[in-house]
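So the structure is just underneath, and the comments pick up after that.
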Amino acid sequence: MDSIGSLGLQQGEGAPSCPQEGLPCPSNSSEMVQECLQQFKVTGAQLRQIQTSLLGSMEQALRGQVGPAPAVRMLPTYVGSTPHGTEKGDFVVLELGATGASLRVLWVTLTGIEGHKVEPRSQEFVIPQEVMLGPGQQAYSIDVVAVVNDTVGTMMGCEPGVGPCEVGLVVDTGTNACYMEEARHVAVLDEDRGRVCISIEWGSFSDEGALGPVQTIFDHTLDHESLNPGAQRFEKMIGGLYLGELVRLVLVHLAQRGVLFGGHTSPVLRSQGSILLEHVAEMEDPSAGAARVHAVLQDLGLNPKASDAEWVQCVCMAVCTRAAQLCAAALAAVLSRLQHSREQQALQIAVATGGRVFERHPRFLSVLRETVMLLAPNCDVSFIPSVDGGGRGVAMVTAVAARLAAHRRLLEETLAPFRLTREQLAEVQAQMREAMAKGLQGEASSLRMLPTYVRATPDGSERGDFLALDLGGTNFRVLLVRVTTGGVQISSQIYSIPECVAQGSGQQLFDHIVDCIVDFQQKQGLSGQSLPLGFTFSFPCRQMGLDQGILLNWTKGFNASDCEGQDVVCLLREAIRRRQAVELNVVAIVNDTVGTMMSCGYEDPHCEVGLIVGTGTNVCYMEELRNVASVDGDSGQMCINTEWGAFGDDGSLSMLSTRFDASVDQASINPGKQRFEKMISGMYLGEIVRHILLHLTSLGVLFRGQQTQRLQTRDIFKTKFLSEIESDSLALRQVRAILEDLGLPLTSDDALMVLEVCQAVSQRAAQLCGAGVAAVVEKIRENRGLEELTISVGVDGTLYKLHPHFSSLVAATVRELAPRCVVTFLQSEDGSGKGAALVTAVACRLAQRTRI
Ligand code: BG6
Ligand code: GLC
């Protein structure tokens, strides 16, 4: 026998050494008693086998597989959340007693987080005979809010404050347990998020291989004589209804063999059910003393001798110790399941215990606890006794359901303005079309529709070595681009632009840029060479030619002084002059959308639109020159930088703007500007989410209503978290980990809600972006008088590339709103620097031709 087996009779607290020497028993009585008691001893190996087999049976049932033997049932209870501690209100619970003859009315007042106190008051009513036997309809009608298993009631009634109580264990007349399972593991639920409470129904566990070796002849007799032979075999070894009966069968057996009561039984002892759990518990109670044992036996019509009391106590202990050990094996199976489903090696968990066996039996809990420690050594389990039976838990289930329903309502109300209808999106598309047309005509419009002086996409004949700068996205890059017959080769280096430089003086910014170029040239061995340079400058510029661009205003995180209204190429040339040592030949300034379109256009001639969804957002496209009022000429095309980030700055988007958009706008460095961009791009989505989370916290929906300092911090919630949180491969556990890393400790319910917030915000962004693209491609189709347009859009930007659903949502919206356009989205792999070099190459080619 290994260590667990030795937990049994010999070492049990207060256990007498049975049988005692010198007692006046029949000569072989000691062996006869030992033989009986021996049958109730369970070894550690046997308990482990039960644990393993039960776990297997549980997992099989979760997967929805029906085993050959009646297995545990694993019934989902539709309770998806444990108490929060913030539940408030008055709840009435009706408990129909086991016999159906009494009705207990329980009034539970929950007082919320402050000193979270549950104050139950209850009264029992006898149901009059005429009501019990009547037609079942009386003058009252009751709305049944929740039908709750007693294990669930026990778990839910557990006082919070000792960590999550996610297991409920009942050993009453029968036995059962429930626990919180990850919903995605429960095959019968079509749900991949959150948790659900599962009632195991372990009483029906009956694996012959595991239970057979621990069953005694008394178990077989009990089962045989029961109302349901062959069923609930595990329960019949543990439940309070059976413990007394097992003791009775052993006593009858020993009395009939002359070992007990002078060989006499009594009619009471011989009648089924005469020894109750209370009798067993009382006789085992070390404080009871022999006189009490005698009294109980006498009540059973027996005439015990002095030695009989000791023997009877031994029998009671053997039966109950085994019950507690078997119960421990089953609980250990649940703990293993929790460890596995939560992928946690070391589990810290509270188990709520309820039922008369725990309440009455003096040693049941301590044996259970010791055995669990041995069977599940990595689990730190605290046992919390249920104070008021399952009734209070039922109130709690109702309260939790009420809280969840209220929170869901508030969440839905908060997110409703983010859920745009098809009509709203079509309206955005229409307004965008109007604003584009006005902008092209030079009329007042929030879309500037800036000519770029790029008249053609590359034709493949471009050649040469070029320098390129790429400023305005997440990274500032300097590049060497070699365009050869064999394709394009790029070497590049990323340099940082510290915030103090981006928002310092213009001179400082451009000096820094030139320093980076010089450093790059040295590293590439290009010092002293004056290569043609293409400058991707991702801000709105009014261009008068390819190499002239007046910065209209800064956007995104830039705000360097004395630059707005200045020609950016001049600012760069001045900085070059200040540095003296270098010579640079700035040939073209291009927006990143243009660089992206050109870069993708090198591979696909259908690419006539450039889209950026990164730190900021913008689109350019090839427009008919005849439509561009500010540039002379009626034939041919020119790429137009729409600067759509500013769409809505004239108030046209106010119908869609939420209070959260307003807060983000107000706190930005350019309030009132770039309103469309602020609803779509990476610089702002995290901030919108953060403002929504703050609001939901203030409503008590999130983080138990407790505002955390971290969440008040601007930009703490990066847009990359949206991409991570919404990644389909992540379980909610990982979502929690991401948020906990941010110092936001949350429950599974919180994690689910944060996920929904992220989804609503990014979905709106993608749909708005799609409505914009639909406006652009439809305009191109109409410009060309085509029934159907086939076109490609070159796209770049971290949000578009990293977010798991953004690109497909954009595409779906475009399909919906521009059904006559077949649009292919091409992700730019090389950044827009390559495009800037290609623009430069085209310009150099054309300049050479003019010279010839
Ligand atoms: C890069 C381009 O790949 O994407 C830049 O080279 C562009 O020109 C950027 O500005 C946009 O994305 P983000 O996420 O870096 O702003
Ligand atoms: C901002 C800039 C725009 C740029 C876009 C994407 O909207 O104003 O020029 O194209 O960000 O980077």
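The values are calculated or read from the model by the stated rules, or taken from the named source; none is laboratory data. Keep in mind it's a predicted model, so treat the numbers as computed, not measured. Glycine also receives a Cβ, built like all others from the backbone with ideal geometry; neighbour counts cover every protein chain displayed. Areas reflect the complete protein model, heavy atoms only, side chains present, ligands, DNA and RNA absent. Shrake-Rupley method; radii C 1.70, N 1.55, O 1.52, S 1.80 Å.
Worth a mention:
- Qualifying residue in the range 762-772 (condition: of a type in the set (D, E, K, R) and open to solvent by less than 10 Å² (accessible area, probe 1.4 Å)): yes
- Given (1) touching a strand residue (DSSP E or B) at 6+ places or on another chain (Cβ under 8 Å); (2) within 16 Å of ligand 1 (Cβ to nearest atom); (3) among the aromatic types (Phe, Trp, Tyr); (4) open to solvent by less than 30 Å² (accessible area, probe 1.4 Å), index of the condition Tyr621 fails: (2)
- Scanning the range 529-561 for residues that are among the charged types (D, E, K, R) and either within 10 Å of ligand 2 (Cβ to nearest atom) or over 48 Å from the mean Cα position of the chain (by Cα) (or both), we see that the one that is surrounded by the fewest Cβ atoms within 10 Å (Cβ to Cβ) is Asp547.
- Those residues of the range 286-309 which are open to solvent by 50 Å² or more (accessible area, probe 1.4 Å) and either charged (D, E, K, R) or closer than 22 Å to Ser366 by Cβ (or both), in sequence order: Pro286, Ser287, Arg292, Asp299, Lys305
- Qualifying positions in the range 532-556 - away from ligand 1 (no atom under 16 Å from the Cβ) and either in contact with a Ser or Thr (Cβ under 9 Å, 6 or more places away or on another chain) or basic (Lys, Arg) (or both): Pro532, Arg542, Gln543, Leu546
- Condition met for Met622 (closer than 23 Å to Gly460 by Cβ, in a helix (DSSP H, G or I) and within 46 Å of the chain's Cα centre (by Cα)): no
- Here the helices (runs of 4 or more DSSP H) wholly within the range 326-437 that include at least 3 residues being in contact with an Asp or Glu (Cβ under 8 Å, 6 or more places away or on another chain) are 356-360, 389-415.
- Val586 meets the conditions (1) more than 16 Å from ligand 2 (Cβ to nearest atom); (2) surrounded by 24 or more Cβ atoms within 10 Å (Cβ to Cβ) in every case but one. The failed one is (2).
- The one condition in (1) over 29 Å from Ser807 (Cα atoms); (2) out of contact with any strand residue (DSSP E or B) (no Cβ under 9 Å at 6 or more places or on another chain); (3) open to solvent by less than 10 Å² (accessible area, probe 1.4 Å) that Gln580 fails to fulfil: (3)
- Any hit, the range 221-230, residues being open to solvent by 30 Å² or more (accessible area, probe 1.4 Å) and within 30 Å of Lys305 (Cα to Cα): yes
- Exclusive hit being within 16 Å of ligand 1 (Cβ to nearest atom) and within 24 Å of His606 (Cα to Cα), set Val814, Val810: Val810
- The set of residues in the range 806-821 that are open to solvent by 50 Å² or more (accessible area, probe 1.4 Å) and under 20 Å from Ile680 (Cα atoms) comprises Ser808, Arg815, Glu816.
- Unique match (being touching a strand residue (DSSP E or B) at 6+ places or on another chain (Cβ under 9 Å) and closer than 30 Å to Trp107 by Cβ) among Ser341, Ser336, Ser386: Ser386
- Number of positions in the range 592-617 that are among the polar types (S, T, N, Q) and open to solvent by 10 Å² or more (accessible area, probe 1.4 Å): 1
- Here the range 595-618 is the region considered, the condition is being of a type in the set (A, V, I, L, M, F, W, C) and closer than 26 Å to Asn553 by Cβ, and the residue that is farthest from ligand 1 (Cβ to nearest atom) is Val609.
- One residue from Ser657, Ser630 being within 30 Å of the chain's Cα centre (by Cα) and surrounded by fewer than 19 Cβ atoms within 10 Å (Cβ to Cβ): Ser657
- Some residue of the range 449-467 being open to solvent by 60 Å² or more (accessible area, probe 1.4 Å), touching a Gly at 6+ places or on another chain (Cβ under 9 Å), in contact (Cβ under 8 Å) with a residue 60 or more places away in the chain and within 16 Å of ligand 1 (Cβ to nearest atom): no
- Taking the range 702-748 as the region of interest, the helices (runs of 4 or more DSSP H) fully inside it that hold 2 or more residues being in contact (Cβ under 8 Å) with a residue 60 or more places away in the chain and crowded, with 16+ Cβ neighbours inside 10 Å are 719-725.
- Tally, over the range 778-799, of residues that are assigned to a helix (DSSP H, G or I) and surrounded by 24 or more Cβ atoms within 10 Å (Cβ to Cβ): 1
So that you can scan it fast, the table gives a plain yes or no per residue for (1) over 19 Å from Glu726 (Cα atoms); (2) among the charged types (D, E, K, R); (3) within 16 Å of ligand 1 (Cβ to nearest atom):
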site	(1), (2), (3)
Val761	no, no, no
Arg820	yes, yes, no
Lys834	yes, yes, yes
Thr840	yes, no, yes
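- Being away from ligand 2 (no atom under 16 Å from the Cβ), outside any loop (DSSP other than H, G, I, E, B) and modelled with pLDDT of 95 or more holds for only one residue in Ala662, Ala629, and it is Ala662.
- If you go through the range 632-653 and pick out every residue that is modelled with pLDDT under 95 and charged (D, E, K, R), you end up with 2.
- Gly831 being out of contact with any helix residue (DSSP H, G or I) (no Cβ under 6 Å at 6 or more places or on another chain) and within 16 Å of ligand 2 (Cβ to nearest atom): yes
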